[in-house]
Each structure stands twice: as C-alpha cells, then as structure tokens.
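K.L.:
This is the structure, below, for whatever I ask next.
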Amino acid sequence: MDIKEKIVEEIENGKTSLGIEFGSTRIKAVLVGSDFLPIASGNFEWETNLEDGIWTYSLEEIWKGLQYSYQKLFAEVKGKYGVTISKIGSIGFSAMMHGYMAFDKEGNLLVPFRTWRNTMTGEAAIKLTEIFEFNIPQRWSIAHLYQAILCNEPHIEKLDFLTTLAGYVHWQLTGEKVLGIGDASGMFPIDMKTHNYDENMLNKFNQLPEVTKHSLNVGEILPKVLLAGENAGTLTKEGAKKLDVSGNLQAGIPICPPEGDAGTGMVATNSVSPRTGNVSAGTSIFAMVVLEKPLTKVHTEIDVVTTPSGDLVGMVHANNGYSDIEAWVNIFQQFTEAINVKIPTDLLYMGLYSQALLGDPDCGGILIYNYLSGENITGVSEGRPLVVRKPKSKFNLPNFMRAHLFTSLGALKIGMDILLKDENVKLDKLLGHGGLFKTPIVGQEAVAAAVNTPVSVMKTAGEGGAWGIALLASYLKNKEATSTLEEFLSKKVFAGYVAEEVKPEPKDVAGFEQFMNRYKNGIPIEQAAVEHLI
C-alpha cells in the first residue's frame, strides 16, 4: 500500500484527527493521520474589530470562520484523495486564551466578546493581584469579570456561565461546559495539587463586598477543568451540522478538552517538559517556560499558568507582536506596485526580513514601538506605533528592519529577563513557531539575541497551534494507560524529528542590550504619543 492509499484508507475509516484553532488573524483547520503528519488544511482570514472601544469578534464571524475553514479542508481532501469526509477519529478546538464570553441561563451572549487584547481592566487586575497575592493580568477572564462588577454593568445580574472562545465553540458542538487546564489557567488561578481552580482564591473572590451584592459564586459559573487526554464529550448531531454544513460529518466523534493557543503552541513544539520553552510570534508574542518549581515572588510581568497536562508554566505575554511589521510590508508592497513591479508577498517578506541580518547590532540608534494596542508589561494603556531616531542615527533599510524585529521582542525580553536572571529559571532549549519563523534564520537570531539562549525551529513550525490541538485530539484516542502527554509527544510524535538550532552571537546579545536601554528609556515618548495623539 503506497502513501496515498494509506491516507485514503485512514480517512475512509476515521483514523484521523482534526484540530481547529481560532487565532487572532486566522482560523485554521488541520487534519492529521496516524503518523501525526498533516493530510489537509483549510484557512479563514479574519481580524478583530474595535467597537465602542472594545476589541471583539462577532458570533456570526466565529461560525462563518469555523465552517469556512472546515469546508476548505473538506474540499482539499476531496480534491487530493477523492474521498468525502464522514468519519473522524477525534477532534479538538483551541483559540486565543483569556478574554470574556458571558452567557445567561438561556445561552445568550450578554455582552460582545471581549478579547485578550483589551486593556480596560486595570483597576480589577491590580486589586485581585493584591488580594490573591498572585499575578492577575488584565487579559484574564476573572479580571474582566471583576471589572464588570466594579463598573456595575447590568449584565452581571443575568450571568450564568463564563468561558473562553475555545470553551464556547466546544460547548456549542458538544453541550459540555468544560475547558482544558491550560486555557482554564488563564481564566482563574489553578491549584497545582488539585489541578482545579484554587479554592482559597475562589472563596476570597466570592467574599468581596462588590461580589456579595450579586449573590455570585464564581466557582459555579466557570467551566469544568480537564487534563489532556480526558474525555470532554462527543460531537452532537446539532454540532455536526454546525461544523459541516454539507451534512456529511457523522455525530458521536470524541472531542478532546478545548485548549488555549499557548497550550497548543507548547504541544506543537514538544515543549511540555520542565526546562523547555517556546516562543509564539504572531499578532501577539509570548513565551512559555515550563518551570521546575514555583516562582519566589509575584511578578506582574509573568503569568503563572499550566501545560495542557497541568505542569507549572511561566508565561510572558506581550500584546503587540508582528502586526506593525505587516503594515510596513504593505507599504513596501504598495511602492512596488506603484512602479509596476510585481513581487510575491512571501518573497517580499523574505527580502525585508533578511535585510535585518545586515543591520548594526544595536539597530544603528533607531527606536521603534510596535504598539497597536496597549502594552501591560511596559505600562502603556493604548497603542501608538512610533519610529524615532536622532539626526545622526544610521537610518537605512537593514537597521530599520532589525529595529522592527527587536522592538517586537522588547516587552517580551523584559519578562524573560525576570524569569532567567531574577528568578534564575533554567532553560535548556527554546523552540520557535509562528509566522516570524517561516523566514529561515532571521527570527531565530533575533530571539536568541534577546534571551541569550539557543533557539530551535522544527520543519512543522509553520503549522502552529492548529496542528498542536490536532495532536491533543490524537492523544485522546492514542493515550495508553500509563502514557503521559510528555511521553506521547517525545516517543510517538517527535521521535526522529530534527530541529535547526541557532546559537546567540555575543555581538548580537550586546547589541540587543543596547537597544533595550534605548527602548526602556524611550517609554515616556510612547506615553506622550498616547496623551497627545488623540
């Protein structure tokens, strides 16, 4: 039996796994076979909307994107293999972590979906961090809930269920109000002994005067917490129709616990073991480092979350990733079109990114802020992208592109320095995935310079979280009685995988430190832009 015949047999007999992830700019569906390699995929491009000061996506767009990405995958399978998908071995859904999706008893959305990108919960985050003695970032669902309570929002009286985007999609397709522990750990703090929400903190929240007014029990409105590999329900008949509008997909398919994009990134890079970490670079940028022990103190720059199997993770999350670079690439593309030169977008990215390798180690004195939205780590409330330089700065294309790459890692580096230098966290390897790492070497060199650690990229780096949740779906049906997620990934999925490693160059590390001094000293410039550019 050749490879194509084997794939056809697996599709026809439901020996596949499907992963669908809702990213910030793309919804992606990936179908994998028994060898865990992608068979087909489908994409839907979307973007967040700023409505009445709230970053959001509509429910209509969520379902449109889900169905479109699945139909694209469905069509690719039909075209490549001549097979109509009716059976799938297991399915998983993942999405951007955190945020606020609040529902009443009838399942109606009470307020528009508030994504992780919103920076309107500052008062709540500060108060909860003090009360819990545990860092509660503005993105976290409990911060959104408490801020809504502090602001006396009328919908609180009707609140019956609070979940994330991944939890919402899973609930609608299975009827189960559950969440993978990695995603749940970005809603409310987790007790590492019980692998459930921290009971002491739940009680503290429920006893707050503002909360008691509403007779609200937060533990009763949050999703049930599940570990990777645990049963999270099956696809209902209604869910099958909602996912596959063609009506071919059968109900009853087991579905793994829904996870956040941070968890799927760890899985997709085989970074679920202590002393391993990964950097995910997209609309936002974040690093996940699996810890050997708890941190010694509370750091507002560090989220304490978990892997999908419940191990402790230090997460550094910066709101602003590579969207501003995309805007500048579009400017260059408009220029080439203006002079009647057609350059494919991928080639344009590669050419511009490669220029960064030719720049001065410290970017020639150029300072850029990529803030399209507020940045919690640096205390900036709103976004104002800026390019600043002195008259004698070395302003050329290599330095301009290098500064864009470095600034996209600026807030991240502040948090990583706390982990690696202040907390003395040990990190043996760091893996990269996401759009930045599609261009060979460039992204790796920049990240290696920022954290002074070797950075590796696997050939699957471009597959991202959709592949990661497909692997978690595969783990659900391939899990053996004694196998852990770590063993499953290392011995079955990634056995024989070779990652390309880039080691930090001393001159680049020193150059990044010089850039960071400029970056930190220049924050008041960014603050002034927020205040005066209205």
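The values are calculated or read from the model by the stated rules, or taken from the named source; none is laboratory data. Note that the coordinates shown come from a computational prediction; the quantities given were computed from them, not determined experimentally. Please note: Cβ atoms are built from the backbone with ideal geometry, for glycine as well, and neighbour counts cover all protein chains shown. Just so you know, the surface numbers come from the protein's heavy atoms only, side chains and all, with ligands and any DNA or RNA stripped out. Shrake-Rupley method; radii C 1.70, N 1.55, O 1.52, S 1.80 Å.
K.L.:
With loop defined by DSSP as not H, G, I, E or B, and exposure as at most 13 other Cβ atoms within 10 Å, which is the longest segment of the chain clear of exposed GluC sites (Glu not before Pro)?
P.N.:
Longest run free of exposed loop sites: 293-479.
K.L.:
Take the alpha-carbon centre of region 101-136, take the same for region 497-534, and report the distance between them in whole Å.
P.N.:
So the separation of the two Cα centres works out to 30 Å.
K.L.:
Could you pull out every one of the aspartates and glutamates with an alpha carbon less than 12 Å from that of Lys413, ignoring same-chain neighbours closer than 8 positions?
P.N.:
Result set, ordered by chain and number: Glu301, Glu513.
K.L.:
Given the DSSP H assignment, sum -39500 (n - 2.57) over each helix run of at least 4 residues in the chain and divide by its residue total; what's the result at 222 nm in deg cm²/dmol, nearest 500?
P.N.:
-11000 deg cm²/dmol
K.L.:
Let me ask something else. When all protein chains stay in place, what accessible area (Å², nearest 10, 1.4 Å probe) is found for His195?
P.N.:
60 Å²
K.L.:
Under a crude label model (7 Å from the Cα following the beta-carbon direction), how far is Leu227 from Lys342 in nanometres?
P.N.:
Those two pseudo-labels are separated by 5.6 nm.
K.L.:
Here is a follow-up. If you take the beta carbon distance between Asn203 and Asn396 as r and set R0 to 60 Å, what does 1/(1 + (r/R0)^6) give as a FRET efficiency, to the nearest 0.05?
P.N.:
Calculated transfer efficiency: 0.55.
K.L.:
Give the percent of DSSP beta bridges with both residues in region 1-90 that are antiparallel, rounded to the nearest 5.
P.N.:
Around 95 percent antiparallel, to the nearest 5.
K.L.:
Quick one: plug the Kirkwood hydrodynamic radius of region 362-465 (C-alpha pairs) into Stokes-Einstein at 4 °C, 1.567 mPa s, and report D in µm²/s.
P.N.:
Value of D from the Cα-based Kirkwood radius: 85 µm²/s.
K.L.:
Using every Cα-Cα pair within the chain, state what percent have a distance larger than 37 Å.
P.N.:
28 percent
K.L.:
Also: Between region 328-379 and region 256-316, how far is it from one alpha carbon centroid to the other, in angstrom?
P.N.:
One Cα centre to the other: 28 Å.
K.L.:
Work out how much length Glu480 to Asn13 would gain on full extension: take 0.36 nm times their residue separation and subtract the Cα-Cα distance, in nm to one decimal.
P.N.:
Using 0.36 nm per residue and subtracting the Cα-Cα distance, I get 166.0 nm.
K.L.:
So how much slack lies between Glu106 and Lys520, counting 0.36 nm per residue of separation and subtracting their Cα-Cα distance, in nm?
P.N.:
Taking 0.36 nm per residue and subtracting the Cα distance, the gain is 144.2 nm.
K.L.:
Greater than 32 Å separation of Cα atoms is the criterion. Which listed pairs, Lys6/Lys438; Lys392/Lys438; Lys224/Lys492, meet it?
P.N.:
Lys392/Lys438
K.L.:
Let me ask another. Taking every DSSP beta bridge with both residues inside the chain, roughly what % is antiparallel (nearest 5)?
P.N.:
Percent antiparallel among DSSP bridges in the chain is about 70.
K.L.:
At a Cα cut-off below 22 Å, give the lysines reachable from Lys390, other chains included and same-chain residues fewer than 8 away excluded.
P.N.:
Partners found: Lys520.
K.L.:
Next question. So what are the radius of gyration and Dmax for the Cα set of region 145-223, in Å?
P.N.:
When restricted to Cα atoms, region 145-223 yields Rg and Dmax of 13.1, 37 Å.
K.L.:
Roughly how many Å² is the accessible area per residue of the chain, as a whole number, for a 1.4 Å probe?
P.N.:
40 Å²
K.L.:
Taking the Kirkwood radius as the inverse of the mean 1/r across Cα pairs, report the Rg/Rh of region 43-113.
P.N.:
The Rg/Rh ratio comes out at 1.08.
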